[in-house]
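The values are calculated or read from the model by the stated rules, or taken from the named source; none is laboratory data. What you are looking at is a predicted structure, and each value in this text was computed from that prediction instead of being measured. A quick note on method: Cβ atoms are made from the backbone with ideal geometry, for glycine too, and the neighbour counts reach across all protein chains shown.
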2 protein chains.
Amino acid sequence: MRNVSVNSVLITPLKKIEVIGGDIMHGLKKTDNGFKDFGEIYFSIIKRDSIKAWKRHLQMTLNLVVPVGYVQFAFIDNNGNIREELVGQDRYVRLTIPPLIWFGFKGLYKYDSIVMNVADMVHNDSEVERRELKSFNFLWRKLR
Amino acid sequence: MRNVSVNSVLITPLKKIEVIGGDIMHGLKKTDNGFKDFGEIYFSIIKRDSIKAWKRHLQMTLNLVVPVGYVQFAFIDNNGNIREELVGQDRYVRLTIPPLIWFGFKGLYKYDSIVMNVADMVHNDSEVERRELKSFNFLWRKLR
């Protein structure tokens, strides 16, 4: 199995453009750093204090944006290195997650948070690995 | 100028998949009806009772999804035909808007609504035409 470090998770600041009636918020351009291909886009809602973990993809690269709410992400690589990132409307960035990184996320907003994923391939369950929440020795510290 | 009818605006129902911790909401697959190419994805916030209108694209095809809130869309074609669609979390569909259709939209949710656009090309202001809100004889009837 290739070794992919949690350091390879890419963080790209995104622009919000002020518009009367409601802002425009950038997401992903095909010319952007981190873009590989377009396969599918979907939303994953995450409720307050709920955790979705753990999952990793063997082939898919994910581009994640949180336009609503606050989400705590955790990443773990094959060497057991851990990385945490808190992203959302006050830290409006895109996370690019390469294959082979274990990840999970927790909703920290008082309402539902929304994670948008622009994936470079259409969902295919055979390239997804899952583990139980407790299968890593990771503490979901309160970051917010 | 080619004639494109408001009837060519495509409406595609989208799936929500119930998941503990927060639902998964489909958006757009590259194999879906209405998908032409991937250029850019961005969000347009629309505040309650605010209207963004009118705009049309000469080249871009838009794929619009409203994951949060309720948005009233209005479409006008070269022959002056009008079409209205109310979409949002209770009517979770994708709107595919071909070039040359004038469109505008109004926020009907008590909070901000979010319109996601998956465009088949990167934004290029030279292919966008704009008109003042009052330039069409259109009444934003209260649909909700």
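For the reader, a short list of remarks on this structure follows.
- Out of A:ASN124, A:ASN81, A:ASN137, sole residue that is more than 13 Å from the chain's Cα centre (by Cα) and at pLDDT below 95: A:ASN137
- Checking each residue in region B:59-74 for being of a type outside the set (S, T, N, Q), more than 14 Å from chain A (Cβ to nearest Cβ) and surrounded by fewer than 22 Cβ atoms within 10 Å (Cβ to Cβ) picks out only B:PHE73.
- Looking only at region A:104-130, residues that are without any contact (Cβ under 8 Å) to a residue 60 or more places away in the chain and either touching an Asp or Glu at 6+ places or on another chain (Cβ under 9 Å) or away from chain B (no Cβ under 14 Å) (or both) come to 1 in all.
- Single residue of region B:35-58 satisfying the filter (farther than 18 Å from A:ASP37 by Cα and of a type in the set (Gly, Ala, Ser)) that is nearest to the other protein chains (Cβ to nearest Cβ): B:SER50
- B:GLY21 passes every criterion in (1) within 14 Å of chain A (Cβ to nearest Cβ); (2) among the small types (Gly, Ala, Ser); (3) part of a strand (DSSP E or B) apart from (3).
- Under the condition of being closer than 21 Å to A:HIS123 by Cα and either in contact (Cβ under 8 Å) with a residue 60 or more places away in the chain or in contact with a helix residue (DSSP H, G or I) (Cβ under 9 Å, 6 or more places away or on another chain) (or both), the residues counted in region A:5-34 number 4.
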